[in-house]
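What follows is a single structure, written as structure tokens, with notes after it.
The values are calculated or read from the model by the stated rules, or taken from the named source; none is laboratory data. No experiment lies behind these values; they were computed from the predicted model shown. Ideal geometry is used to build each Cβ from the backbone, glycine not excepted, and the neighbour counts take in all protein chains shown.
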Amino acid sequence: MSCSIQQVVQWIRPYWPITLSLAISTLFLCEACVALDHVAFERDGGMVHVNGKIIVEAADGGIILQDRQGSIWPLQPDQIKKRTSDDIPYRPMDQKELAQALLKELPEGFQIHKTHHYLICYNTSKPYAEWCGALFERLLRAYTNYWKKRKLPLSDPKMPLVALIFADKTSYKRYAGQSLGDAANSIVGYYNLQTNRIVMYDLTGAQDPEQAQHRIRNRAEINRVLSKPQAGRLIATVIHEATHQIAFNCGVQKRLADTPLWLNEGMAMYFETPDLRSSTGWRGMGSVNRERLFQFGSYCKARPADSLRTLISDDQRIRGKSTDPRFQGTESILEAYSEAWCLTYYLLKHKEKAFVEYLIFLSQKQPGQRDTPEQRIREFERFFGNLDAIEKDFMRQTTRIR
Ligand SMILES: [Zn+2]
């Protein structure tokens, strides 16, 4: 199948704010190019100039460009007005450069809190920005340690990791609505695959700008509010999205490579169980995700016999009367996520070595290439064995989780 950037844009657009698997083939990949590319293109009636490196070049002349801030730009041939390159090697922005660029781009009132790996851009209280920075650094450390112990090779992020934190839900929704549309009303945070940033709002209670004036101003208060059981789901979502960002920046996954969605989401859910009591470690990592297990239990009452096979083979599969793929449909999304968590949990508990080898294999896939459903199954069976046998053992082990 020959594909164009037009198709890439269509695939990406609905999923941009979250993780995706993307489908293109017969593209010329240009990862080894070191020169800085200068591209002028039309967008929304205006002209945009971006300097970066071309990471994918399609046969029809379309490209995917990565700029120095880390954003990716899929461009169709008729959008591109000028392309030049020079001998200056591509280099992502360092912390100082990126911080300056972000302050220029963000609305007035934003400040930046720097940690070792993160740039926390915020217009909420400084203690909340510091609390988030510490949380993300702990997550990154725990995530890295977890995989290193299991012999999964990881790299340090090649550019600072950016998190935008809005003071209140109203201003967050205004910003997030540009990417998420109406979904911004129900999503408390997201990882944007195009910009490589996570976006969220202050979870300590402020829903609008008036309330935000009374927001909590010290770390002890933040801990007290966010340790309450009702805050658990909100924090888990933020950690889930931060985990996606880490996976795409530490060499576990490549943006625009065809990583199966069940694995993508399953791994983020595996780490989303927060443990705010521990300031040095992350004791909750990999523990049973009760909510997902319960959802899977409900799904099992009418779970189709080929559920695992279709979960593994096709991210875009549409089930029953739904018009949306399984990971997006309002009916099917919880079922798909719960099965993805259960499968990830099962494989990591019972087939850990094969799981790590499978991850290494997937991390070597190149951006812009799409696997067929048959290939997905073949590759899965190569690492884990016959799928029918896995289905039986998976169900046996999952029903035993207490
Ligand atoms: Zn996710």
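When Ile88, Ile55, Ile63 are screened for being of a type outside the set (Ser, Thr, Tyr) and under 22 Å from Tyr191 (Cα atoms), only Ile55 passes. Among the residues of the stretch 147-186, those identified as part of a loop (DSSP other than H, G, I, E, B) and more than 24 Å from Ile112 (Cβ to Cβ) are Arg150, Lys151, Leu152, Pro153, Leu154, Ser155, Ser186. Out of curiosity, is Ala59 surrounded by fewer than 19 Cβ atoms within 10 Å (Cβ to Cβ) and either more than 16 Å from the ligand (Cβ to nearest atom) or modelled with pLDDT under 85 (or both)? Against the criterion (surrounded by fewer than 19 Cβ atoms within 10 Å (Cβ to Cβ) and either more than 16 Å from the ligand (Cβ to nearest atom) or modelled with pLDDT under 85 (or both)), Ala59 qualifies.
Here Gly52 does not qualify as surrounded by 19 or more Cβ atoms within 10 Å (Cβ to Cβ) and assigned to a loop (DSSP other than H, G, I, E, B). Could you tell me whether the stretch 162-181 includes any residue that is within 25 Å of Tyr270 (Cα to Cα) and surrounded by fewer than 16 Cβ atoms within 10 Å (Cβ to Cβ)? Looking for residues that are within 25 Å of Tyr270 (Cα to Cα) and surrounded by fewer than 16 Cβ atoms within 10 Å (Cβ to Cβ), one finds none in the stretch 162-181, hence no. When restricted to residues that are in a loop (DSSP other than H, G, I, E, B) and under 23 Å from Val252 (Cβ atoms), the stretch 357-384 contains 8.
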